[in-house]
1. How far is helix 193-205 tilted off the main Cα axis of the chain, in degrees rounded to 10, range 0 to 90?
2. Distance in nm between label sites at residue 122 and residue 174, each 7 Å beyond Cα in the beta-carbon direction?
3. To the nearest 0.05, how large is the calculated FRET efficiency for residue 238 and residue 212 if R₀ is 41 Å and r is the Cβ-Cβ distance?
4. Quote the relative contact order of the chain in percent (integer), defining contacts as alpha-carbon pairs under 8 Å separated by 6+ residues.
5. Which of 114, 164, 149 ends up with the largest GNM mean-square fluctuation for the chain, with Cα atoms connected below 10 Å?
6. May I ask for the angle, rounded to the nearest 10°, between helix 71-81 and the longest principal axis of the chain, with both axes built from Cα atoms and the value confined to 0 to 90°?
7. Sort the range 84-165 into rounded, prolate or oblate with this rule: let a ≥ b ≥ c be the square roots of the eigenvalues of the Cα gyration tensor; rounded if a/c is under 1.5, and if a/c is not under 1.5, prolate when a/b is larger than b/c, oblate otherwise.
8. As a test of the formula, what do you get for the chain when each DSSP H run with n ≥ 4 contributes -39,500 (n - 2.57) and the sum is divided by the residue count, at 222 nm and rounded to the nearest 500 deg cm²/dmol?
């Protein structure tokens, strides 16, 4: 059977999704669990290769396995074998021709930022904690420049030498009482693209740069104009659309 699954994970203790020879990965844990349950060597394919420390609630994978029982039984067996920071939330048969990455029409990421004068140890694994106020109106104006089809070379690098043009359908900054969530949806993303965008928007919200400068940075294609990347802890892959 060729199956597809939705996977959630806390990325804190992983060196990313993709399998690595000498480091813990989400793909490695999934393949090991499937192997123990089925006594087969299985390769898992994912919709996105999230970076080290990045979380997911909506990662999508596919794999092939011989299984004589029901899919709910397989899901329960896999979750019993997976470590506590990974879970399969949905499991189903693949439709013909389905590929988690190449069949995807868009992906949605969320990034969480919290304003707090004193760090919050219990939530530090899932948000970027900053110690100053952000101007939400300025950030919202700046984020508007991201929507549409643009060359995002200033904000990331292409995997495997691909083009850097991407289409962003949504870029929303929202929240209350200093707890913010940035939601961005695009047909695909460049390496570090979301985290570099968030770092730039926080600079806008902090008054370091003007909101309309984001338009100029985007048009320039110059990565030197982007100052670093937001921490991985605040980023989560929440949805893949097909």
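Nothing in this text is a laboratory measurement; each read-out follows from the coordinates by a stated rule. Please read all numbers here as calculations on a predicted model, not as lab measurements. Using ideal geometry, Cβ is built from the backbone for each residue, glycine included, and neighbour counts are taken over all protein chains shown.
1. 30
2. My value for the distance between the label points is 2.6 nm.
3. Working: r = 29 Å, r/R0 = 0.71.
Taking R0 as 41 Å, the efficiency between residue 238 and residue 212 is 0.90.
4. On the way: 539 pairs, mean separation 57.8, N = 242.
Once divided by the residue count of the chain, the mean separation gives 24 percent.
5. Among 114, 164, 149, the largest GNM mean-square fluctuation belongs to 149.
6. Around 70 degrees separate the two axes.
7. On the way: a/c = 2.52, a/b = 1.31, b/c = 1.93.
Cα axes put the range 84-165 in the oblate bin.
8. Working: 5 runs with 54 residues, N = 242.
My calculation for the chain gives -6500 deg cm²/dmol from helical runs alone.
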